[in-house]
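This report refers to the structure that appears directly beneath it.
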Amino acid sequence: MKTAVIIGSGNVATCFAKAFVNKGVSIAAVYSRNLNHAQLLADAVGGVATNKFNKLPTGADLYLIAVSDNAIESVSKHLKVTGLVVHTSGCTAMDAVKNNKRYGVFYGLQTFNKNTLTDLSHVPFLIEASNDKDGKLLRQFASNISTNVQLANTKQRQALHVAAVFANNFSNHLFAIAKQLLEQHQLSFDLLKPIILQTAQNAVTHNPVDVQTGPVVRNDTDTIATHLEVLQKYPEYRQIYELLSQSIRELHVKPKIK
């Protein structure tokens, strides 16, 4: 039976730990700066809870660092272990954990919430290891919980992470802006839910470039002018509207041949 140590107790740590346990991986220990948090996760997945690095077992197969990006390197330097040490960040270089003899990256491309049961079976996992043998071990761990496992180096993961911010974080922020605009005019956000779902469906079944719609693509200047008038009271939203419209225009409107 493979063994893992979970370093962290937040959303990613919790989701991965539970997924491992469900697939027969034994959790040897859970570390968190807050011992109570470590104990809560250990109670759910097994293993010893600790807030001291020197209390961690040294011979587990995998050490999963699931902490904030700016803490990965310092946490890694506290580990004195023989197992494979990996971090779970999409944007952090693999070298952040290179102080260990065996190291790598175990990145799941999804938004995680420890209070929500997340099915990881189709979540893309991007892995990287410092040697081929550990690369195979990482693939085994990842393949246990997902059918979509791929190799990706640091630059590839960083590009993917930026793309995910556009697709997820930025789009969600635009939903939030839309909701506020509607509320200012006594309208329900529920009105937008069908078009949001259809937009997402179009994006995953077609090339997003091919299904772009809207006044910019139609070169409907009157509608754009009306929209900008509506946004007069919201200068920040107006700026976003203009910036995105310009980006759409540059991508979709072919320059005239002189």
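The values are calculated or read from the model by the stated rules, or taken from the named source; none is laboratory data. Not measured: the values here are computed from a predicted model. So basically every Cβ, Gly included, is an ideal-geometry build from the backbone, and we count neighbours across all protein chains shown.
Which one of Y241, Y234 is surrounded by 11 or more Cβ atoms within 10 Å (Cβ to Cβ), of a type in the set (S, T, Y), closer than 29 Å to Q110 by Cα and in contact with a helix residue (DSSP H, G or I) (Cβ under 8 Å, 6 or more places away or on another chain)?
Checking each option against the conditions leaves just Y241.
Of the residues that sit in the range 66-85 and are in contact with a Phe, Trp or Tyr (Cβ under 9 Å, 6 or more places away or on another chain), of a type in the set (A, V, I, L, M, F, W, C) and within 15 Å of N99 (Cβ to Cβ), which one is surrounded by the fewest Cβ atoms within 10 Å (Cβ to Cβ)?
Going through the qualifying residues, I end up with V81.
Specify the residue that is farthest from F141 (Cα to Cα); the eligible residues are those in the range 1-31 that are polar (S, T, N, Q) and surrounded by fewer than 23 Cβ atoms within 10 Å (Cβ to Cβ).
N11
Identify all residues within the range 32-50 that are farther than 20 Å from H78 by Cβ, small (G, A, S) and either in contact with a Lys or Arg (Cβ under 8 Å, 6 or more places away or on another chain) or crowded, with 19+ Cβ neighbours inside 10 Å (or both); write none if there are none.
A44
Would you say Q186 is outside the structural domain of S26 (by TED's automatic domain parsing) and on the phi > 0 side of the Ramachandran plot?
In short, yes.
Here is a list: N168, N148. Which entry is touching a His at 6+ places or on another chain (Cβ under 7 Å) and surrounded by 13 or more Cβ atoms within 10 Å (Cβ to Cβ)?
N148
Check whether at least one residue in the range 1-8 is part of a loop (DSSP other than H, G, I, E, B) and of a type in the set (S, T, Y), and report yes or no.
no
Look at N202 and say whether it is in contact with a Pro (Cβ under 7 Å, 6 or more places away or on another chain) and either at positive phi or surrounded by 15 or more Cβ atoms within 10 Å (Cβ to Cβ) (or both).
no
If you scan the range 185-219, which residues turn out to be over 16 Å from S245 (Cα atoms) and assigned to a loop (DSSP other than H, G, I, E, B)?
H185, Q186, L187, S188, H206, N207, D210
Checking the conditions here, which among T82, T58, T92 is within 26 Å of A164 (Cβ to Cβ) and in contact with a Lys or Arg (Cβ under 9 Å, 6 or more places away or on another chain)?
T92
Listed here are the residues, each with its yes/no results for (1) among the small types (G, A, S); (2) within 29 Å of G108 (Cα to Cα).
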position: R139; (1), (2): no, yes
position: S143; (1), (2): yes, yes
position: V149; (1), (2): no, yes
position: T154; (1), (2): no, yes
position: A164; (1), (2): yes, yes
position: K193; (1), (2): no, yes
position: L197; (1), (2): no, yes
position: R218; (1), (2): no, no
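For the range 54-109, name all the residues that are among the small types (G, A, S), over 17 Å from R139 (Cα atoms) and in contact (Cβ under 8 Å) with a residue 24 or more places away in the chain.
G59, A66, S76, A93, A96
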